[in-house]
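The structure appears right after this line, and notes come after that.
Laboratory data are not the source of any read-out in this text; all were calculated from the coordinates shown. What you see is a predicted model, and the numbers here were worked out from it, not measured in a lab. Note that we place each Cβ from the backbone using ideal geometry, even for glycine, and neighbour counts take in every protein chain shown.
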Amino acid sequence: MAFIKLTEDAFFENFKPLENLEQGHGNYYFETENEIDRVFLQFMAQRYPRHIWTRIDGADGCIYNINGWHIVDKIDFLITEVPWVKNHEYEILDYSPYS
């Protein structure tokens, strides 16, 4: 298993997150609290599970995107055109209060 850290720019370039057009132009996040998002996320989780990423609140005060469907510390989800590689763990720094 490989652990891969990527910059947010590299994440967008390599995995190509889908815009959530229901939420507005430039929004890439999908929320389970929104009915339309929830139905789409359920479909994607069943058909294309390696296209789902979870945005989480890290213990260090940063926000990260990690591959897969996670509940603990979940903020919302992203869906990408390009699937993540099986047996790899990815970590993308989405936000840091320290920079």
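Worth pointing out:
- Cα gyration tensor shape for region 21-97, rounded if a/c is under 1.5, else prolate or oblate: oblate
- For Gly61, neighbours were defined as the other residues whose beta-carbon sits under 14 Å from its Cβ, and their charges (Lys and Arg +1, Asp and Glu -1) total -4.
- For region 2-95: relative contact order, % (alpha-carbon pairs under 8 angstrom, 6 or more apart): 37 percent
- Sum of -39500 (n - 2.57) over DSSP H runs of 4+, divided by residues of the chain (222 nm, nearest 500): -6500 deg cm²/dmol
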